[in-house]
1. Hey, could you grab the Kirkwood Rh for the chain? Inverse mean 1/r over distinct alpha carbon pairs, Å, one decimal.
2. Going by average Cβ density within 10 Å per residue, which order do the peptides 190-201, 111-122 take, highest to lowest?
3. For region 117-189, what is one quarter of the convex hull surface built on the Cα atoms, given in nm²?
4. Which percent, nearest 5, of DSSP beta bridges in the chain are antiparallel?
5. Provide, as a two-decimal number, the C-alpha radius of gyration of region 86-212 over 2.2 N^0.38 Å, N being how many residues it has.
6. What distance in nm lies between label points placed 7 Å from Cα along the C-beta direction at residue 165 and residue 193?
7. Counting pairs of Cα atoms in region 66-150, how many percent are more than 18 Å apart?
8. Within 10 Å of each residue's Cβ, count the other Cβ atoms and sort 76, 106 from fewest upward.
């Protein structure tokens, strides 16, 4: 398996070190890093007093994401507004409403559906001149301002290796769930320039990749 949340909390395994059942694999913890993304976005756009957080209410992980960003917002001293997006047909009206409400920046929460619709999300953020941070590197490569997350290909490679070991006779319950060790922070300076946003040298220096 490759999962985005905590497999212990989800009841998929007994523990990470000793899964104990008939399942193992890798986790990318994509739903557990919204507070980190919010912090990076706040650093990039410190003048933003209100930050919108786009979530998919149909995703069970939203119950982890909401309190994560709320706690981080309190710590950072910024106001966050949770925006539910149930489908692609709502995107344009939601972005228009955020712009009308003078939203200073946007965090697009981790969600497979949002990733599949990244082209429209990136285009709408550009249209409304809204600085945004996303989950996977591909968002930044395709024109999003920033992304922060694990490396998805690493997790799939690790899961593939485990599949081979299991087919060769090892028991899944004896193979520890692999946790991510590689995180990518990507900044698209071309997008920042288009938005009229100056990224501090300190923040740029912390990025694993800067697109110029």
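Throughout, read-outs are computed from the coordinates displayed, never taken from laboratory work. Note that the structure is predicted; figures quoted are calculated from it, not measured. Glycine also receives a Cβ, built like all others from the backbone with ideal geometry; neighbour counts cover every protein chain displayed.
1. Numbers: mean 1/r = 0.0556 Å⁻¹.
Result for the chain stands at 18.0 Å.
2. Numbers: 190-201: 14.3, 111-122: 17.0.
Those peptides, ordered most packed to least, come out 111-122, 190-201.
3. On the way: hull surface 23.8 nm².
Its average projected convex-hull area is 5.9 nm².
4. Numbers: 5 of 25 bridges.
Antiparallel bridges make up about 20 percent of those DSSP assigns within the chain.
5. Details: Rg = 18.2 Å, N = 127, 2.2 N^0.38 = 13.9 Å.
Its radius of gyration relative to the 2.2 N^0.38 Å reference: 1.31.
6. Each label point is offset 7 Å from its Cα along the Cβ direction, giving 4.6 nm.
7. On the way: 1492 of 3570 pairs.
Roughly 42 percent, rounded to a whole number.
8. Numbers: 76 18, 106 26.
The order, fewest Cβ neighbours first, is 76, 106.
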